[in-house]
Structures are given as structure tokens and as C-alpha cells.
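Novice: Sharing a structure with you now.
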Amino acid sequence: MKSTMIHFSRTDIDKMDKIFRLNLINSCTGFKSANLLGTKSLNGVSNVAVFSSITHLGSNPPLIGFILRPTTVPRDTYRNIKDTGVFTVNHINSDIIEDAHHTSAKYPDEVSEFTKTDLQEEFLGDFSAPFVKDAKIRLGCTFLNEYEIKENDTLLLVSQVDHLYVADQEILQTDGWLKLQNADTVTINGLDGYAKTALIDRYPYARPKKE
Ligand SMILES: Cc1cc2nc3c(=O)[nH]c(=O)nc-3n(C[C@H](O)[C@H](O)[C@H](O)COP(=O)(O)O)c2cc1C
């Protein structure tokens, strides 16, 4: 049966205009997490950058992963993580979207994005990487390992969660579930679209239907 849906084959994708393909392929896998990664260089310069690839890897031990684009150009976040072993993950909320997006601009490594935006850094406990004060959910992480993705020269960085900060009990529910909507956490659509979310419902653990 012929579908009335718009269809792109791999041949079409390969022939596409670069920007059209970038937008299409970046949005076709669905909504992505919206986070700011905070790091500090060995020289003491803070860095903050937007990342949409942070994902859950496992809860026991608590592991996260994210994808780093090819390191053919200097990447401050990557270098700082490799040098210091630590970084923070800070949820982007609707009040800070513009500044959060701006952190993807290429500043020289001696320039902290905290000085080029209204985002404020905050140090918590003895953790040496900067947290983003404006974020209602924040993680302090330690780098564990990196895996080369040979197909496109990217890296998967695996890290453990050592600290987790949640702004209030409106967000943290009694069973441990974080109601992200109450933290005003946004989600990323493609490479440059930010969206608010509204919870529909939570559902019980799914079991096979009985005959
Ligand atoms: C919405 C958005 C999502 C991004 N996600 C990633 C990502 O997951 N991985 C990555 O390597 N770069 C990502 N970037 C690009 C980085 O933010 C950008 O390269 C930034 O300059 C890195 O900063 P750094 O050089 O200080 O590390 C993203 C950019 C935007 C605008």
C-alpha cells in the first residue's frame, strides 16, 4: 500500500542540503534532555556549555552518558573533564533558555561563559566543578571512561553520579520520582528548539495481559 506520509530514503538523505539534513536528523529521534555542563580548567577558568545528549545508563550504580562531538576542534568541556575528572549537569529551565543556548558559542578557553551570560556559578560542598545556580536539578559527576564511536568519530563518555541536588519537595516526590515539570525543566527539539513540558500521567509497572 502506498503511504501518504512524506518519505525520505537514505539516498534522499545523502543528497540533502546540509542544513536541512542537520535539522531533520537532529529532530527525528524525538525530544532530548536539556542540560548545561559545568567544568573548571586546571587554570581555574570555569566553563559552561549546553548538551542535549545526556542520558541515563543505569541506576545501580548511578551512571550517565553523553556524546561528545569530534574533538577535531578544541573542546573546553572535554579537556576540563579529562584534566579534573569532574563536571556538573544542570537542568535548563524556561527562564534561562536564551543564555543556555548562547553557551554553545565558541569562546576562547580563557573566557568563562558565566561572564558572557547572566548564568551564575555556584560551588557546593567540596566539589570543584561549578554548578549553575539557576538550575533546580543539579548533578555532580565523576568521569569513568570513554568509548570511541568509530562510525562518526564521536565519543561516549560514561560517568557516575556522586551528588544530586533538587530544589524542593514539589519536584522530589515521596517515591523518589522527580516531577520535572515542577522544576520547569525544558526539553530540546532538534538543535535549536526548546519546549516546555506538561505531564500527562504516570502509569503502573506494565505486566503482560492475562488471556
Ligand atoms: C541545543 C544544543 C545541544 C548540544 N548538544 C551537544 C552534545 O550533546 N554534544 C556535544 O559535543 N556538543 C553539543 N552541543 C555543542 C556544544 O554546546 C558546543 O560545542 C560548545 O561550544 C561546547 O563548549 P566547549 O568548547 O566549551 O566545551 C550542543 C549545542 C546546542 C546548541
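Please treat every number below as a calculation from the coordinates, not as lab data. None of these values were measured; they are calculated from a predicted model. FYI the Cβ positions are ideal-geometry reconstructions off the backbone, even for glycines, and counts take in every protein chain you see.
Novice: Top mean-square fluctuation among D83, D109, D126, Gaussian network model of the chain, C-alpha springs under 10 Å?
Specialist: D126
Novice: Taking the chain as a Gaussian network, Cα atoms linked when under 10 Å apart, which of R79, R21, R69 shows the biggest mean-square fluctuation?
Specialist: In the Gaussian network model the winner is R21.
Novice: Could you tell me which of the pairs K106/K196; K32/K106; K136/K196; K32/K136; K106/K136 are separated by over 20 angstrom between their Cα atoms in the structure shown?
Specialist: K106/K196; K32/K106; K106/K136
Novice: Send over the semi-axes of the stretch 166-211's equivalent ellipsoid, whole angstrom and largest first, taken as the square roots of 5 times the C-alpha gyration tensor eigenvalues.
Specialist: Ellipsoid semi-axes (Å, largest first): 26, 19, 8.
Novice: Summing Lys, Arg as +1 and Asp, Glu as -1, what charge do residues with Cβ under 11 Å from the Cβ of V186 carry, V186 excluded?
Specialist: Computed value for this residue: 0.
Novice: If each of T154 and L57 carries a label point 7 Å out from its Cα toward its Cβ, how far apart are those two points in nm?
Specialist: My value for the distance between the label points is 1.5 nm.
Novice: Chymotrypsin sites (Phe, Trp or Tyr not before Pro), restricted to the stretch 157-211: which are DSSP loop and have at most 16 other Cβ atoms within 10 Å?
Specialist: Within the stretch 157-211, the qualifying chymotrypsin sites (Phe, Trp or Tyr not before Pro) (loop, at most 16 other Cβ atoms within 10 Å) are W177, Y205.
Novice: Please report, in debye to the nearest 20, how large the charge dipole of the chain is about its Cα centre when each Lys and Arg carries +1 at its beta carbon and each Asp and Glu carries -1 there.
Specialist: About 920 debye.
Novice: Okay, moving on. Given R₀ = 41 Å, FRET efficiency for S128-T4 by Cβ-Cβ distance, to 0.05?
Specialist: Efficiency, rounded to the nearest 0.05: 0.15.
Novice: Pairs of Cα atoms under 8 Å, at least six residues apart: use those to get the relative contact order of the stretch 66-165, whole percent.
Specialist: 34 percent
Novice: Still on this model: What does the convex hull of the alpha-carbon atoms of the stretch 30-195 project to on average, in nm²?
Specialist: 9.8 nm²
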